[in-house]
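Colleague: Handing you a structure now.
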Amino acid sequence: MKNTLSLAFIFLFSTIVFAQKMKVAEGNFDFIESNQAINVEFDYSNLKINKDNLTEEEYVAERTADLEEKSKGKGKTWAKKWEASRELIYAPKFLELMNRDLAEDKGMSFEEGLTDAKYTLVVEVVWIYPGYNVAVMRQPAKLTTLLKFVETANRDNVLLEITSKHAPGNRYGGTFSNEDRIGEGFAKTGKSLSKLIMKKAF
């Protein structure tokens, strides 16, 4: 009985989700209007990963080597999946939750490739903790981003800058995929930013 209770406690403790912290660092929401199209870009150039702040290159090299050691070819397959996740998981998850309420209620559109849009949202991906799911032990992913609204034609003109720290990422029932957990962190960030815009801009 004691062992069962201990395992239950460990499981509950390991699935605790730490609150996301989203804060306006500078600027305001005055430029945001209904029926507005905003370009979106994702910037991974300064990304750090895990608690030891590895560069993405270091992280990919270490994890690829570890997986290759366990099973030949597995590491290379994972490396391709990791790279593809930006376009197949992270960006779509973020944009889906950004547009869900804003598009329906305010007619706004956040999309990649809108180079003619007056404003651009630059999503600077600062830090990723992939989390884990091993037997009864789980930790959600965590995502830290810097969200900058700039003039598309003049990127030095920052109208609004928002810091988003430790957005939690996990699926109901859990997932063994690091990339899926991270994707949920992007979804959470998009949802929180959408709510903040709805509250502050309208």
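Colleague: For region 52-77, name all the residues that are open to solvent by less than 30 Å² (accessible area, probe 1.4 Å) and assigned to a helix (DSSP H, G or I).
Modeller: Selection gives Tyr59, Thr64, Leu67, Gly75.
Colleague: Something else about it: Please state which of the following conditions Gly183 fails to meet, knowing it meets all the rest: (1) in contact with a Pro (Cβ under 9 Å, 6 or more places away or on another chain); (2) assigned to a helix (DSSP H, G or I); (3) over 25 Å from Ala37 (Cβ atoms).
Modeller: (3)
Colleague: From the list Arg100, Arg86, which one is open to solvent by 20 Å² or more (accessible area, probe 1.4 Å), touching a residue at least 24 places away in the same chain (Cβ under 8 Å) and more than 18 Å from Gly169 (Cα to Cα)?
Modeller: Step by step, each of Arg100, Arg86 is checked, and only Arg100 is open to solvent by 20 Å² or more (accessible area, probe 1.4 Å), touching a residue at least 24 places away in the same chain (Cβ under 8 Å) and more than 18 Å from Gly169 (Cα to Cα).
Colleague: Additional query: Among the residues of region 118-151, how many are open to solvent by 30 Å² or more (accessible area, probe 1.4 Å) and at pLDDT 95 or above?
Modeller: So the count comes out to 7.
Colleague: List every residue pair whose Cβ atoms lie under 7 Å apart, where the two residues are 6 or more positions apart in sequence or sit on different chains, the first residue falls within region 39-51 and is open to solvent by less than 80 Å² (accessible area, probe 1.4 Å), and the second residue, located anywhere, is polar (S, T, N, Q).
Modeller: Filtered contacts from region 39-51: Asn39/Thr115; Asn39/Thr120; Asn39/Thr152; Glu41/Thr120; Lys48/Thr55.
Colleague: It is to be established whether one or more residues within region 152-164 are in contact with a helix residue (DSSP H, G or I) (Cβ under 7 Å, 6 or more places away or on another chain), assigned to a helix (DSSP H, G or I) and either touching a residue at least 40 places away in the same chain (Cβ under 8 Å) or surrounded by fewer than 22 Cβ atoms within 10 Å (Cβ to Cβ) (or both).
Modeller: no
Colleague: Which condition number in (1) under 16 Å from Asn50 (Cβ atoms); (2) among the polar types (S, T, N, Q); (3) in contact with an Asp or Glu (Cβ under 9 Å, 6 or more places away or on another chain) is the one that Gln139 fails?
Modeller: (3)
Colleague: Within region 75-102, which residues are in contact with a Ser or Thr (Cβ under 9 Å, 6 or more places away or on another chain) and farther than 23 Å from Leu143 by Cβ?
Modeller: Within region 75-102, Gly75, Lys76 meet the criteria.
Colleague: Does Thr115 count as surrounded by fewer than 17 Cβ atoms within 10 Å (Cβ to Cβ) and over 16 Å from Met22 (Cβ atoms)?
Modeller: Considered against the rule, which asks whether it is surrounded by fewer than 17 Cβ atoms within 10 Å (Cβ to Cβ) and over 16 Å from Met22 (Cβ atoms), Thr115 comes out as yes.
The values are calculated or read from the model by the stated rules, or taken from the named source; none is laboratory data. Model, not experiment: these values are computed from the prediction. Methodologically, a virtual Cβ is constructed for each residue, glycine included, from the backbone with ideal geometry; neighbour enumeration extends over all protein chains shown. In case anyone asks, the SASA skips ligands and DNA or RNA and just uses the protein heavy atoms, side chains included. Shrake-Rupley method; radii C 1.70, N 1.55, O 1.52, S 1.80 Å.
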